[in-house]
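Undergrad: One structure, pasted below without further comment.
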Amino acid sequence: MSGDALSLDPAELRRRIDTTRAHPARVYDVFLGGKDNYPVDREAAAAALAANPRGYLDVRHNRDFLRRAVNTLAGEDGIRQFLDIGTGLPTAENVHQIAQRTAPDSRVVYVDNDPVVLAHARALLTSGPDGRTDYIDADFKDPAQILEQAAKTLDFDQPIALCLVAILHFVEDEEAYPIVRGLVDALPSGSRLVLSHLTEDLNAENIRAVQRTYTERGFTFVLRTKGEVERFFAESSLELVEPGVVPAHRWRADGAAPVPEQPEASYLAGLDDIEKVRYADINDVTDADINVYAAVGTKA
Ligand SMILES: C[S@@+](CC[C@H](N)C(=O)[O-])C[C@H]1O[C@@H](n2cnc3c(N)ncnc32)[C@H](O)[C@@H]1O
């Protein structure tokens, strides 16, 4: 276990946590059924759900894409190192738990800039004895700091899977493209880019309604077309693996998304819409539900 970031002074950490406005990591946590969020985040999630009542499927299928991608990379492709930028709050299955189930020697470095993720990061530093995890409290927009600190845990002479899953829609074009290029440049041959991204290509009306609720709350929320998502791969000469850039639920679908344990029907009936989301079976999904593209590319 590692994690220099965890030595931060608790008073300083409290000072950094803003509970007066919604934060992306915490709103996402609401949709995943987590507890590490505040009333303002639940209000933002409820507004997004009112705008798109099956919008929780974007979140949960995005997370399930990450499960399938890490399983594929660790299980079939022999990848043993992961750099997960925009990690989000710890959840039931984090990247190291998924990878280490197949490959116990996997090393994972997590990066996020949200102080609440930092406050809960200990749950990400639970590597098995054969592998290693670390947490870096840093901004995607400071790739030099990320690369320097990640090199304490990851071997940059061996392939690394760079995971940018549901983070790039918080970053405007002029910053996002050169940073992704720079990060991929630092990786050796055989490395992978695992990427997912919100789009208005698929069900524009739904996602624009959601976008309005978030931009009203001060989030940057950039929707990118398939061509714009492909550009992240093309600019670094990455070869897209099958099936290319596709709606998240279609990327190597295995129909094995975990189904939450169901409570008593009477308990469920008493919950509000946002509380019910955590019990939804996401295997009930159609193309009309999904607004997230997902893809993996390989560096030659
Ligand atoms: C929607 S969540 C995605 C979490 C996880 N990657 C997943 O897909 O399940 C986006 C995460 O990116 C983080 N994030 C947003 N902008 C960031 C930035 N500039 N630097 C680092 N992390 C950022 C947020 O704090 C949040 O935890």
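Undergrad: Among the residues that make up region 96-107, is at least one of them within 13 Å of the ligand (Cβ to nearest atom), of a type in the set (V, I, T), in contact (Cβ under 8 Å) with a residue 24 or more places away in the chain and crowded, with 24+ Cβ neighbours inside 10 Å?
TA: Scanning region 96-107 turns up no residue that is within 13 Å of the ligand (Cβ to nearest atom), of a type in the set (V, I, T), in contact (Cβ under 8 Å) with a residue 24 or more places away in the chain and crowded, with 24+ Cβ neighbours inside 10 Å.
Undergrad: Yes or no: G78 within 12 Å of the ligand (Cβ to nearest atom) and assigned to a loop (DSSP other than H, G, I, E, B)?
TA: Working: within 12 Å of the ligand (Cβ to nearest atom): no; assigned to a loop (DSSP other than H, G, I, E, B): yes.
No: the conditions fail for G78.
Undergrad: Could I ask something else about it? Please list, ordered by first then second residue, the pairs with beta carbon atoms under 8 Å, 6 or more apart or interchain, first in region 69-93 and at positive phi, second near the ligand (Cβ under 7 Å from one of its atoms) and of a type in the set (F, W, Y).
TA: G86/F140; G86/F170; G88/Y28
Undergrad: Please give the number of the condition Y110 fails out of (1) hydroxyl-bearing (S, T, Y); (2) surrounded by fewer than 19 Cβ atoms within 10 Å (Cβ to Cβ); (3) within 27 Å of D18 (Cα to Cα).
TA: For Y110, the failing item is (2).
Undergrad: Limited to region 148-191, what total is found for residues that are at negative phi, over 19 Å from the mean Cα position of the chain (by Cα) and not charged (D, E, K, R)?
TA: Going through region 148-191 one residue at a time, the tally reaches 13.
Undergrad: Could you tell me which of the residues I160, I136 is buried (at least 19 other Cβ atoms within 10 Å of the Cβ), among the aliphatic types (A, V, I, L, M), within 14 Å of the ligand (Cβ to nearest atom) and at pLDDT 95 or above?
TA: So the residue among I160, I136 that is buried (at least 19 other Cβ atoms within 10 Å of the Cβ), among the aliphatic types (A, V, I, L, M), within 14 Å of the ligand (Cβ to nearest atom) and at pLDDT 95 or above is I136.
Undergrad: From D64, D58, D41, grab the single residue that is free of Cβ contacts under 8 Å to residues at least 24 places away in the same chain and in a helix (DSSP H, G or I).
TA: On inspection, the qualifying residue turns out to be D41.
Undergrad: Could you tell me whether any residue of region 3-10 is within 15 Å of the ligand (Cβ to nearest atom), surrounded by fewer than 22 Cβ atoms within 10 Å (Cβ to Cβ) and modelled with pLDDT of 95 or more?
TA: no
Undergrad: Could you grab me the full set of residues in region 100-111 that are more than 18 Å from the chain's Cα centre (by Cα) and outside any helix (DSSP H, G or I)?
TA: A103, P104, D105, S106
Undergrad: Ok, one more. Quick check on my filter: what residues within region 35-82 are of a type in the set (V, I, T) and within 16 Å of the chain's Cα centre (by Cα)?
TA: Passing the criteria: V59, V70.
Undergrad: Sticking with this structure for a sec: Farther than 21 Å from A138 by Cβ and of a type in the set (A, V, I, L, M, F, W, C) - does that describe any residue in region 179-198?
TA: yes
Undergrad: Tally up the residues in region 139-157 that are in contact (Cβ under 8 Å) with a residue 40 or more places away in the chain and either surrounded by fewer than 17 Cβ atoms within 10 Å (Cβ to Cβ) or hydrophobic (A, V, I, L, M, F, W, C) (or both), please.
TA: The qualifying residues number 6.
Undergrad: Pick out the one residue from T91, T153, T126 that is more than 20 Å from R60 (Cβ to Cβ) and at pLDDT below 95.
TA: T126
Undergrad: Report, by residue number, each residue of region 207-225 that is surrounded by fewer than 17 Cβ atoms within 10 Å (Cβ to Cβ), within 20 Å of the chain's Cα centre (by Cα) and not in a loop (DSSP other than H, G, I, E, B).
TA: Correct list: T215 only.
Undergrad: For region 230-262, what are the residues that are exposed (fewer than 13 other Cβ atoms within 10 Å of the Cβ) and either touching a residue at least 40 places away in the same chain (Cβ under 8 Å) or not aliphatic (A, V, I, L, M) (or both)?
TA: Scanning region 230-262 gives S237, E239, E242, D254, G255, E261, Q262.
Undergrad: Kindly establish whether V184 is more than 9 Å from the ligand (Cβ to nearest atom) and β-branched (V, I, T). First the steps, then the outcome.
TA: Values: more than 9 Å from the ligand (Cβ to nearest atom): yes; β-branched (V, I, T): yes.
The answer is yes for V184.
The values are calculated or read from the model by the stated rules, or taken from the named source; none is laboratory data. Nothing here was measured: the structure is a model prediction, and the numbers come from that model. Don't worry about glycine lacking a Cβ; one is built from the backbone with ideal geometry, like all the others, and counts go over all protein chains shown.
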